[in-house]
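Before any comments, here is the structure.
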Amino acid sequence: MNALKQSATGILGVAIVLGIIIAANAIVSQFNGFRLDMTEENLYTLSDGTRSMLADLERDVTLKFYYSRSGDGTPIPIKQYAQRIQDLLREYESADGGKLVLDIFDPKPDSDEEEWAQKYGLTPQSLGMFGGPSFYFGIVAVSGANEAAIPFLDPGAEPRLEYLVTRLVHEVSRTDKPKIGVMSSLPIMGTPAMPYGPQPQQGAPPWIFVRELENMYDVVEVKSTVETIPEEITALFVVHPKDFPDSVIYAIDQFVLQGGKLLLFVDAMCMTDPGAGGGQFGPMQSGSDLNKLTGAWGLELEAGKVAGDKNAATQLNVGGGSVDTIISWLSLRNDQINREEISTSMLEFVMLPFPGLWKGEPAEGLELTSLAGTSDNSGVINTFQAMGASAAMREALEKRDPAPLIARLQGSFKSAFPDGRPSDTPENEEGPAPAANESHLTESSVDSVVILVSDVDMIADQYSVQVRNFFGQQIAEPINDNLNLVLNFAEQLSGSDSLIGLRSRGTYQRPFTRVNELEAKAQEQWKLEEQKLQTKVQDAQQRLRDLQRGKDEDQKLILSPEQQAEIKKFNEELFDYRQQLKEVRKNLRKEIESLGVTLKVINIAAVPLLVAVFGIVRGVQRRKAAQR
């Protein structure tokens, strides 16, 4: 009777514990602000940059998540991904202080929700080749009259999910269109037509990267004779600043110190420069740098030298049907591109023809991030040797440690003109020059961002796109990710500072490493067995050919008893091999199924069992204490 009472007490204790857990879970679920992210990489925790952007929202934003939850055409992986998206979006809703609202819609066929999804530009997806069931899977942001959308949430872009949503919210919440200034010694803004005169000339359109920018931003040309960068410019693109006077460099210097964002393209050997075609030594006079400015920030472009990298060498057609591998024409892939940065994480291939190399360390107050760089099998070559044969380039390569080709500096900048505005003034500049030290800054008034690119050719049309004629229209097709890189930079520099600080998030996929090990082991066994079989097949075929050669011409089409026996032997060996493979697969399935059962037992039974044991032990202890 006493044992029965103890058992009943233990069961009652377990029930009480389970009841407390359920009640606590119900109570905690009512507090949306109370969440605990237990993932290894804090996948459901918003970054500081996103929280800062949400705190500074200028007006209310509504996020509309369109997801065909009840549709037959929605794949299971998409449904799982949708749950992770909802969890993240609820973090946005709970973190903004009431200015962001989340609405979730299930756009069923012929419903009002589907009509609105189509109105917002969301694209239905279908897995069937012949018009099977389709599903919607996108996000729309609305703020007043501003609308923006992610038409389809690609699961492959999941590491960029927070960045995409944050950018979407920022895009609709801002009240003005960003203005990007472009300054260059090259005709990147195009040239006007000159139909009259002794030699009529046809005008040229802006470079394609400029035309792409004009689709999203207010792009204005900034003359390379200015004394001051206009205040309304959010980001300034400086391309090939060849022979810029000190007055212009000073204007750029003060623009950065006032908090302006700068994207700088310089080149030790610019093939796009008209000087590059001026004879054998043209490329040697086609370089540009802004070392007078960047040197104050700790980085300089090595003059007269280009980067060479044997790991990033590019195969090029060198004429006459010959193909050669050029180590100074770089094709960056894999780990030579920073995969943790949003602007570069999704890029597959960036091409830099004869880029320069940045050297030095960031000045005090600045943080350097390499976005793309050389490998440990790289160095530099002087510009004269870079125009020679590939074998000579390899021999002339001066070994260097890995260094950045594209870098970002962020923080507090110091002026390259500590004594104030320089006295030089361009001769063609009209009007009086500003006062010597009028509003001069010696260091940043606010933190700023500068992106340094050691190549100019990468954004030239001939090195970034291939133009095709499509029914009378000129269509530009990217041949690499160079344009995507520039557009990513423009997106970050012209937007909120919060976008620059965002990183690529970790993966949400958590593979079963033990299962992967089992599969890899099985595949290795299959490979060995397959190699054995191939050897046996080759031996059998050789024996059959030897037997065939030994026959008379009139007996070639008749199988000899030896050939029949050989074929029978081969078929028996093939049957044995297939049986062996089947046994390997069977054992693999047994191990995986056994592992799956173990995991299920742990997940389903272990936790309740631990709670029960705890309740029983606790009940026994309390019973003994009461008897004392």
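With +1 on each Lys and Arg Cβ and -1 on each Asp and Glu Cβ, how big is the dipole of the range 48-173 about its Cα centre, in debye rounded to the nearest 20?
220 debye
Note on Gln80 and Val613: the model spin-label points, each 7 Å out from Cα along the C-beta direction, lie 3.0 nm apart.
Spacing of the modelled spin labels on Glu348 and Asn146, each 7 Å from Cα toward Cβ, amounts to 3.3 nm. Using 0.36 nm per residue and subtracting the Cα-Cα separation, the extra length available between Thr123 and Ser439 on full extension is 108.6 nm. From the alpha carbon centroid of the range 50-91 to that of the range 290-344 is 39 Å.
Using the structure shown, list the pairs from Lys179/Lys359; Lys261/Lys359; Lys359/Lys399; Lys179/Lys261; Lys261/Lys292; Lys223/Lys414 with a Cα-Cα distance above 20 Å, or answer none. Show your work: numbers first, answer last.
Numbers: Lys179/Lys359 31 Å; Lys261/Lys359 22 Å; Lys359/Lys399 14 Å; Lys179/Lys261 11 Å; Lys261/Lys292 18 Å; Lys223/Lys414 24 Å.
From Lys179/Lys359; Lys261/Lys359; Lys359/Lys399; Lys179/Lys261; Lys261/Lys292; Lys223/Lys414, over 20 Å: Lys179/Lys359; Lys261/Lys359; Lys223/Lys414.
The Glu113 and Arg59 beta-carbon pair, evaluated with R₀ = 22 Å, returns a calculated FRET efficiency of approximately 0.35. Look at the dipole of the range 173-262 built from charges on Cβ: of Leu262, Phe244, Leu186, the Cα furthest out on the positive end belongs to Leu186.
Evaluate E = 1/(1 + (r/R0)^6) for Gln315 and Arg622, where r is the Cβ-Cβ distance and R0 equals 56 Å; express this FRET efficiency to the nearest 0.05. Intermediate results must be reported in sequence, preceding the final value.
Values: r = 79 Å, r/R0 = 1.40.
E(calc), rounded to 0.05, equals 0.10.
The slack in the chain from Asp106 to Asp154, taken as 0.36 nm per residue of separation less the alpha-carbon distance, amounts to 15.5 nm. In the range 48-173, taking the dipole from charged Cβ atoms about the Cα centre, the farthest positive-side position among Tyr120, Gly156, Leu54 is held by Gly156. Approximating the spin labels as points 7 Å out from Cα along Cα→Cβ, the Lys399-to-Asp324 distance works out to 2.5 nm.
Each value in this text was obtained by applying a stated rule to the coordinates, not by laboratory testing. On a predicted model such as this, the values are computed, not experimentally measured, just so you know. Cβ coordinates were reconstructed from backbone atoms using ideal geometry, including for glycine residues, and neighbour counts include every protein chain displayed.
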